[in-house]
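Data block below; observations after.
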Amino acid sequence: MNTITKDQSPTLIIEDLTVAYRYGDLLLDAVRDFSLQIAAGQTYGLVGESGSGKTTVAMAVMRYLGDTGVVRAGKIEFDGRDLLSLNTSEMRQVWGAEMSLVPQNPLSSLNPSIRVGEQLSEILRHHQGLDRETARVKTLELFRMVQLPDPQWVADSYPHQISGGMRQRVLIAMALSTTPCLLILDEPTTSLDVTTQASILDRMSELIIDLQSSILYVTHNLGVVAQICDRVAVLYAGELVEDAALEDLFRMPLHPYTQGLLDSVPHLGETKDEVQLGAIPGQIPALGARPEGCVFEPRCPLAIQICSQRPPIISTNNGRKVRCHRWEEIASGSISAREIPREFKKEGTEITLDQYENEHGDTILDLRDVEVHFPLRRSIREVIITEPARKVKAVDGISLSLQRAQTLGLVGESGSGKTTLGRAIVGLVERTNGDIDLFGISLPPALSRRDFKTLHQLQMVFQNPEQALNPYLSIGASMRRPLMRLAKKSRREADKEVANLLKAVQLPPDYAFRMPNQISGGEKQRVAIARAFATNPGLLVADEPVSSLDVSVQASILNLLNELQIEHETTMLFISHNLAVVGYLADVIAVIYLGKLMEVSRSQDLFKPPYHPYTEALLSAVPIPDPSIQQGRIRLKGDVPSPVNTPSGCPFHTRCPHFLGDICVSKKPVWQMDANGNRIYCHIPVEELGAKQKNMIKQE
Amino acid sequence: MTWYRNAGTRLLLNSRVSISSEPLSSNKQSSKEPQREPISPYSQAANRTNRIISLFRGLYAKPSSAIGTTIFLIFLTVALFGPLIAPYGVNEQIAADARQPPSLQHWFGTDNLGRDVFTRVVIGARDILALAGLGTLLAVVCGTAFGLLSGYMGAWFDEGLMRLFDSLLAMPALLLSLLLLGILGPSRSSVLIVIVIVYTPIVARVVRSVVLSVKTRGFVEASRLQGESIPYILFREILPSTLPALTVESALRFSYAIFLVASLGFLGVGVQPPNPDWGLMVKEARVHVFQIPWAMYFPAGAIALVVIGVNLMSDGIKRVWQKSG
Ligand code: SF4
Ligand code: SF4
């Protein structure tokens, strides 16, 4: 991807670094014996789940550990200097000038009361001694370099006035302003939408080549790593488990954890009928409870006797490093943690979407022109001149139908209205217009008007498992309630049922007596799922149920949802921003943009042309955790328009790469159907679209 | 899946799922991972005594809150057992002993009427703590009810109530109390009503802010989807989450209530003579401050001490609970 200058001495050398945090009188190691070398111009990915210690490593290099963090052992050498021996004033020379950090949360890293341009100029004046005017010119130049639209306007804005993507670009511009030799990026795109992330990553990889800086890219996202890194280090529970060149790592992971990690994420275009996700059982051990031997031993499918001793880090002869007793057997292919065949065959005859909906289906849920508009607060002036309140059109006329035992995946970026639609269906927000029929009976908009029988049939799984359970009620009490209230069971029957439900979500029955703060995030989500299935609902709305979980836990939750759904023949509306996950789990996928549907397709067709221009852009933006896959490249310009002033005609026209001209602005498109019964909302006829578009994902 | 209505595929898929995803926490694991210490004192919600014990342990872990708590406990004891401790009658006048400086007979001396200052401070403690305590309690109950409803219902109800409370809060507490007492006339029950009116809005605001952040959480929405009634949601689902903030706020309000009662007594619009109210005692003794300063300093000191003590204690409660999340 970019040039690695091998003959130069490494920019950063970390040797046997051990970092601990102080908890009361205890010192707990967050990172143990970590070593890494970054060559000049190299982009190093540091991958790990939460609690792996990846951010701790980055912070230790920056010397930002804070009061509780202690470097217990090891050495950090930066550009020939021993970083750990520098005092604060010497570090100040290093910070910014030679080493900079792009943090995860752009809003909290910018001063809210100073104009963005001013903040960058100040750095330039301080570090490079520029005068006011030159600093200003240079600022605009840097803003142009990170492709900020309208640099002058951005420079004159305050941080809250610009979008998240723009803020992140500003921070990158800041980090680059002093042309540092080491740039540390700590999850810089995690809080952004995929389309924004894609264009930032693109620009970043171009800049990396131009600037010849070394980069330490910290992330949990294997897809992003595959896109921009040369070499990858995988961290697990504070230990380096594997370190290899990018292609090697993805082609042949040597550590069971890396193997599991790669198998636990669905790839774009894979569906549940073809592939089984490999879930890693268990969870990352807590800081104070790390195993004595191999840190992965409690979860490792290949663990044997010797694994109770800590494996050393072994350098293989082809420049890789791995920390596993059995790596040679894994390398030779005689054993593997990837026992699940990635492919299995489809059977049965295919029917098209429209046939299915009209002839074969048993319609459970039917939405017709559903609208959810939130009025904005009016100013006093507007009240006086009796101007009608402006509205946020969160959901703006959506028609859909769901068949029995079907999973409909609703995919969209933040602000698309996907969550609002789900909430309008279950009744947590009231729709302002349109009809929703459940089992052919119209649902009242307000939750308070729905009877118990309806509530019984409609349940929801929420995004954040940390907030899904009342922290003051035991797991059993939380789960018992819907059974007693909606299913009218006695306390004893309910308790028995709770035990069964816990078993169904693969948790031990004594969990009923635990409090939510005594179980992990993944387990909380299991309990939440169990609670939702308790009344055996006809329709389950799952709102991003895995997005706040670690990758290795996600797979088991997806498998669980799938299994329970099949068993109960539940219809599911699965809402997510993650196209790969939706594509995997759903039978039908609906793509939503600015409160309007853009496309409704069978999941196996979504990844082949013709697709809606917006879907096309989404597909090309999703980071794919496989460097051997060639992805089409379509980047959207600008940001999503505000849902208050939605564009006229086709809502996507402000950003559409296939923009036709006036007709897209003035006239609303019509729904078009392709040969498979998939529907696309666009002025361009499907045949023409199909001819224009190529396959977005190609195996090399 | 649904495209291939084929039971074979389904069964196959089904069995694969159950084979590959092992229980998250099999027994093998839980034995390996040492049981984590419960992090928060509420994890043993069932065990209330434990909670209180751990709170006190936390309070005594730091000198400032330890001192505050001790001061409060001493005053509480004095208030509870006042008549047993007091050596004389409250209004017993010993003319011969008038204007005595502190001595073994009269620890805090006597005032110009020959009343024992120590006795009056001790008995006064009961009065003031009871009045301020009851007032705070009522204010907390009203404030919690309003705060819960206002936060949960939102819309015009919230809007109206909060504007009303804002207008009450806009006035300084003392000024508002004087106004109210001007209407109600000075008496003990008037002071009680004043405390409730002055502090209800403050408590309601605190509770409301917690409700606003809690009501959008999954567990509250889940219980709405279960068709729970509003009282159940308010009291079972939401109320427990407000308790930490509410307790801290109550303790703080209590210390200000003591101050308010004393101030009103001092201004002569609160508790009326001859009750041994500390504020009133300061007011009466003020005239003779150069001749018998002890008659003023002791009740004034008592006010200061108890207010500081309760304040330090509420700070301590906040620290203990914030640390435990
Ligand atoms: S050392 Fe043993 S337990 Fe650890 S990863 Fe290797 S095989 Fe698994
Ligand atoms: S209607 Fe026009 S703007 Fe909208 S998606 Fe189609 S081509 Fe693009």
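The values are calculated or read from the model by the stated rules, or taken from the named source; none is laboratory data. Predicted model only: the values in this text are computed from it and were never measured. Glycine also receives a Cβ, built like all others from the backbone with ideal geometry; neighbour counts cover every protein chain displayed. When the accessible area is computed, the model is the full protein with side chains, heavy atoms only, and any ligands, DNA or RNA have been set aside. Shrake-Rupley method; radii C 1.70, N 1.55, O 1.52, S 1.80 Å.
What are the aspartates and glutamates whose alpha-carbon lies under 17 Å from the alpha-carbon of residue A:138, with same-chain residues fewer than 8 places away excluded?
A:118, A:122, A:150, A:156
Mind pulling the per residue volume of the convex hull built on the Cα atoms of segment A:591-700? Å³ is fine.
Expressed per residue, the convex hull around the Cα atoms of segment A:591-700 is 107 Å³.
Quantify how much of the Cα-Cα distance distribution of segment A:360-607 extends past 34 Å, in percent.
Result for the distance tail: 19 percent.
Cross-link candidates for residue B:215: which aspartates and glutamates have Cα within less than 18 Å, leaving aside residues fewer than 8 places away along the same chain?
Counting by Cα, and skipping residues close in sequence, residue B:215 has these aspartates and glutamates nearby: A:430, A:466, A:543, B:158, B:159, B:228, B:237.
Return one whole number: the accessible area per residue of the protein assembly as shown in Å², for a 1.4 Å probe.
Each residue of the protein assembly as shown exposes 42 Å² on average to a 1.4 Å probe.
Convert each backbone phi in segment B:205-214 into a coupling constant with the Karplus relation 6.51 cos²θ - 1.76 cosθ + 1.60 (shift: θ = phi - 60°), then list the ³J(HN,Hα) values in order as whole Hz, x for Gly and Pro.
4, 4, 5, 4, 5, 5, 4, 4, 7, 7
Am I reading the A/B interface right? What is its buried accessible area, both sides, 1.4 Å probe, to the nearest 100 Å²?
Interface between A and B: roughly 5600 Å².
With a 1.4 Å probe and every protein chain left in place, tell me how much accessible area residue A:109 has, in Å² to the nearest 10.
The value for residue A:109 is about 50 Å².
Ordering A:511, B:256 by how much accessible area each has at a 1.4 Å probe, largest first, what is the list?
These residues rank, largest area first, as B:256, A:511.
How large, in Å, is segment A:74-185 by the Kirkwood hydrodynamic radius built from its alpha-carbon pairs?
14.7 Å
Under a point spin-label approximation (7 Å from Cα along Cα-to-Cβ), what is the residue A:642-residue B:288 distance to one decimal in nm?
Once both label points are built, they end up 7.2 nm from each other.
Return the Cα extents of segment A:518-658 along principal axes one, two and three, sorted largest first, each rounded to a whole Å.
48, 38, 30
Given the protein assembly as shown, report the % of alpha carbon pairs whose separation exceeds 43 Å.
Result: 48 percent of Cα pairs exceed 43 Å.
Would you work out if segment B:263-317 is rounded, prolate or oblate? Take a ≥ b ≥ c from the square roots of the eigenvalues of the alpha-carbon gyration tensor; rounded if a/c is under 1.5, else prolate when a/b is larger than b/c, oblate otherwise.
Because a/c hits 1.5 or more and a/b fails to exceed b/c, segment B:263-317 counts as oblate.
Longer than 20 Å from Cα to Cα, which of A:393/A:418; A:272/A:608; A:524/B:318 are they? Say none if no pair is.
A:524/B:318
On alpha carbon coordinates alone, what is the Rg over Rh value for segment A:13-122, Rh being the Kirkwood radius?
0.99
Mind ranking A:118, B:221 by accessible surface for me, highest first, 1.4 Å probe?
Solvent-accessible surface, decreasing: A:118, B:221.
Excluding residue A:132 itself, what net charge comes from residues whose Cβ is under 14 Å from its Cβ, given Lys and Arg +1 and Asp and Glu -1?
In short, 0.
Taking each pair of distinct Cα atoms in segment A:218-349 once, what is the resulting Kirkwood hydrodynamic radius in Å?
Radius from the Kirkwood sum: 15.8 Å.
Under 16 Å between alpha carbons, and skipping anything fewer than 8 positions from residue A:321 in its own chain: which aspartates and glutamates qualify?
Filter leaves A:15, A:16, A:33, A:230, A:239, A:242, A:243, A:247, A:248, A:329.
Which value at 222 nm does the protein assembly as shown reach when only helices count, each DSSP H run of 4 or more adding -39,500 (n - 2.57), with the total divided by all residues and rounded to the nearest 500 deg cm²/dmol?
Using -39500 (n - 2.57) per qualifying helix, the result is -13500 deg cm²/dmol.
Can you list the residues of segment A:442-467 that have at least 40 square angstrom less accessible area with all protein chains present than in their chain by itself, probe 1.4 Å?
A:447, A:462, A:467
Throw me the Rg/Rh for segment A:276-416, computed over C-alpha atoms with Kirkwood Rh, two decimals.
Using Cα coordinates only, the ratio equals 1.26.
Which whole-percent values make up P(r) of segment A:421-503 when all C-alpha to C-alpha distances are grouped in 5 Å steps starting at zero?
3, 13, 19, 19, 18, 15, 9, 3, 0
For peptide A:276-283, what's the mean number of Cβ atoms from other chains within 10 Å of each residue's Cβ?
5
Over chain A, what percent of the accessible surface lies on carbon and sulfur atoms, probe 1.4 Å?
The computed percentage sits at 49.
Can you pull the semi-axes for segment A:10-249, root of five times each eigenvalue of the Cα gyration tensor, sorted largest first, whole Å?
The answer is 30, 20, 17 Å, longest axis first.
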